[in-house]
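Participant: There's a structure below that I have some questions on.
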Amino acid sequence: MAAPSAASPDANFLALLFSRRAVLLALIVFAAILLLCLFAPLVAPADPMKMSVRARLSPPGGDFLLGADAFGRDVLSRLLYAGRVSLMIGLGVAALASVAGVAFGLLAGFFRRLDGPISRLVDAMMAFPDILLAIALVSILGGSVVNVIIALAIVYTPRISRIVRASTLVIRELPYVEAARALGSSTRTIMFTHVLRNILSPIVVQATFIFAYAMLAEAGLSFLGVGIDPKTPSWGTMINEGRQYLDQAAFLIVFPGLVISVSVLALQLIGDGFRDALDPRLAKDL
Amino acid sequence: MSEPLLKIRNLTKTFNAPSGAVQAVSDVSFDIPRGSITGLVGESGSGKTTLGRALLRLIEPTSGETVFDGQDLNTLSVAEMREARKRMQIIFQDPVSSLNPRLRVCDIIAEGLKAHRIGTARSRRDTVASLLEEVGLSADHMSRFPHEFSGGQRQRIGIARALALEPEFIVADESVSALDVSIQAQVLNLLLDLRKRRNLTMLFIAHDLSVVEYLCDQIAVMYLGKIAEIGPSRPLYEAPAHPYTEALLSAIPLPDPKRNRSRTILRGDIPSPLAPPSGCVFRTRCPHAEDACAQGDTAAITVGAAHQSYCKRTEELYVRA
């Protein structure tokens, strides 16, 4: 496929993306967090569930690099395992919201009759504050990892769907789409080959942001006690549990808080980087 | 002459705008003979692009017939129309937006073949290679992306895409007006060449009359959704029989600064198609307009072989000499 002469627009994009130091750094940091959590069983110093009464609330240092929680469990190990849940929720929400958002957006953009109902529904959903809608949905669905992913995906689907609809409306009027119709291409070909392929960039950018928002929202839900089952460690549940020992062991919430902040910041920078690298007008001034 | 390839009868396209109905194409009838190039000229907003699209049913006509090789396209079902699309293609004005920036040239040109499941992946590649050669590009260009080409080259890719299905009829919508003059000539020569080699029938939409004169056998002049005058190029250029054609022709710059000529200069803009003038639509800008021009429809008046004018005063203004 890769002919030597073909400088694909995507190769150009990567060069632009990596040319920004902050974005490169964010990519490295995020990749590191991702890999450490992914290989948690290999890198974690202890069993995240192993309790020890004597180690209760041990401060960082010594046997417990980042301290131990109220049950004497190793905070570092818990952070690594909890990261798997938090990242999975972020990724799951971003993926699910993208797929659903693309489907709704394409349908609304392509079929006038569906546009009204879909757009009104999207508007209605966007009228709710994200976290309120998420709380309501999780209360209805019940708190498990899958349900939190579904609830947050519902919350973030309208963001993608709006972008997709707007871009579809622009692209469907372009001459190359008209050419496709003149050639006898099916609506499906036009939707996927011509429209979707040309709006992937804004979708990827938005999905990156949703990844970050979803991780924050999960933490928020867990902190409020309506998130996933507290027995499953996630960064949010760790903060929620640590909250009671704020005066004795602030590190219990500082470390998960720090990982959340760093991951979200990295994701936002990556999203910004995507956006700038994909927008030729901005790219020139970098 | 044999039966014309395309017979257009009373074709009308009305758009419903919030402020009222706009007749972009209003009761247009003419023939496009097999193997000919028909030029369609008129200023912006005259409806020439809409007419070109309506012929191919890229815009659904409101009423009228488009008889292509004995068959009225406007009565075909969606599936039948899809099949018929193989026989008619379009080349666009803008060489940038008419090619999908994310597709490689081979995929762009082979799109029609894929849509109609013609050939295998390999045979399609061979077809694309020979099409590229035919339009003056190289087969090596196949795996490149559109942004790697110049405007003229992109236009050639668009032409190759249109040719892939071996159509008999091509609508060229302002296909050279976005190009430099030197490149224009190259692309025009390519079109003439292809017409001869493939025995194509073309509708060439343009606003540049000098380009049309060079290329076309027959010319239709449009104004505000209606045909003003239609006829074979030579007579139409030498002895126009409609004041609008006269005005358009006198607007062509002559490469001779010493030559004096009387110019017909039109005043004002084309009227709003929301409220077209009664009677002859051109009367509000016509230097020869009389009270009578405001009444009744204008009928075609034959002034020569296949040459018709829709001016009510044709006889007194143009025929006597």
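Every number in this text was worked out from the coordinates using simple rules, so none of it is lab data. Everything quoted here is computed from the prediction, not taken from an experiment. Neighbour counts run over all protein chains shown; Cβ positions are idealised from the backbone, glycine included.
Participant: Bins of 10 Å, beginning at zero and ending with the bin holding the largest distance: percent of Cα pairs per bin for region B:6-319, please.
Facilitator: Reading the bins upward from 0: 6, 25, 32, 23, 11, 3, 0.
Participant: OK, next. Going down the table (B:Lys48/B:Lys114; B:Lys7/B:Lys86; A:Lys50/A:Lys231; B:Lys7/B:Lys226), which pairs top 22 Å between alpha carbons?
Facilitator: Going by Cα-Cα distance, B:Lys48/B:Lys114 fall outside the 22 Å limit.
Participant: Whose amide H sits under 5 Å from the amide H of B:Ile219, counting only residues 5 or more places off or on another chain, with H placed in the peptide plane?
Facilitator: Counting only residues 5 or more places away or on other chains, the set is B:Gly39, B:Gly231, B:Ser233.
Participant: In degrees between 0 and 90, to the nearest 10, how far off the longest principal axis of chain A does helix A:9-18 point, with axes built from Cα atoms?
Facilitator: Helix A:9-18 sits roughly 30 degrees off the main axis of chain A.
Participant: Could you work out the relative contact order of region A:89-235, using alpha carbon pairs under 8 angstrom and six or more residues apart, expressed as a whole percent?
Facilitator: 39 percent
Participant: Can you work out ³J(HN,Hα) from phi for every residue in region B:37-43, in order, using Karplus 6.51 cos²θ - 1.76 cosθ + 1.60 and θ = phi - 60°, giving whole Hz and x for Gly and Pro?
Facilitator: 10, 9, x, 10, 10, x, 7
Participant: Also, quick follow-up: Per the helix-only calculation at 222 nm, which mean residue ellipticity applies to chain A, given -39500 (n - 2.57) for every DSSP H run of n ≥ 4 and division by its residues, nearest 500 deg cm²/dmol?
Facilitator: -23500 deg cm²/dmol
Participant: Could you tell me the largest-minus-smallest coordinate of the C-alpha atoms of region B:268-321 on each of the three principal axes, in descending order and whole angstroms?
Facilitator: The Cα atoms of region B:268-321 stretch 34, 21, 20 Å along the principal axes, largest first.
Participant: To the nearest 10 degrees, how steep is helix A:75-110 against the longest Cα principal axis of chain A, on a 0 to 90 scale?
Facilitator: For helix A:75-110, the angle is close to 20 degrees.
Participant: Now, a different point. Residue by residue through B:104-117, how many Cβ atoms from other chains fall within 10 Å of the Cβ on average?
Facilitator: Numbers: counts 4, 1, 1, 1, 3, 0, 1, 9, 6, 1, 5, 8, 3, 0.
So the per-residue partner count for this stretch is 3.
Participant: Across region A:105-165, what fraction of all alpha-carbon pairs, as a whole percent, falls in each successive 10 Å bin from zero upward?
Facilitator: For region A:105-165, the binned pair fractions read 24, 44, 27, 6 percent.
Participant: Tell me the relative contact order for chain B as a rounded percent, counting alpha carbon contacts under 8 Å between residues six or more apart.
Facilitator: 20 percent
Participant: Give me a comma-separated list of calculated 3J(HN,Hα) values for region B:155-164, in order, Karplus coefficients 6.51, -1.76, 1.60 applied at θ = phi - 60°, integers in Hz, x for any Gly or Pro.
Facilitator: 4, 5, 5, x, 5, 4, 4, 5, 7, 4
Participant: Also, I was wondering about something else. Treat the count of other C-beta atoms within 10 Å as a stand-in for reagent exposure and order B:Tyr237, A:Tyr81 from fewest to most.
Facilitator: In order of increasing Cβ crowding within 10 Å: B:Tyr237, A:Tyr81.
Participant: Which angle between 0 and 90 degrees, to the nearest 10, do you get for helix B:121-134 versus the longest principal axis of chain B when only C-alpha atoms count?
Facilitator: 50 degrees
Participant: Rounded to whole Å, give me the distance from the Cα center of region B:1-63 to that of region A:80-156.
Facilitator: Between the Cα centres of region B:1-63 and region A:80-156 lies a distance of 47 Å.
Participant: Just report the Cα centroid separation between region B:88-106 and region A:175-237, whole Å.
Facilitator: 29 Å
Participant: By the scheme Lys and Arg +1, Asp and Glu -1, what is the net charge of all other residues having a beta-carbon under 12 Å from that of A:Ile118?
Facilitator: Combined, the nearby Lys, Arg, Asp and Glu give +3.
Participant: When DSSP assigns beta bridges and you keep just the ones with both residues in region B:6-319, what percent turn out antiparallel, to the nearest 5?
Facilitator: Taking every DSSP beta bridge within region B:6-319, about 60 percent pair in antiparallel fashion.
Participant: Need one number for region B:1-119: average projected area of the convex hull over its C-alpha atoms, nm².
Facilitator: 9.8 nm²
Participant: So, one more: Could you put A:Val99, A:Val264, B:Val171, A:Val29 in order, starting from the residue whose Cβ has the fewest other Cβ atoms within 10 Å?
Facilitator: A:Val99, A:Val29, A:Val264, B:Val171
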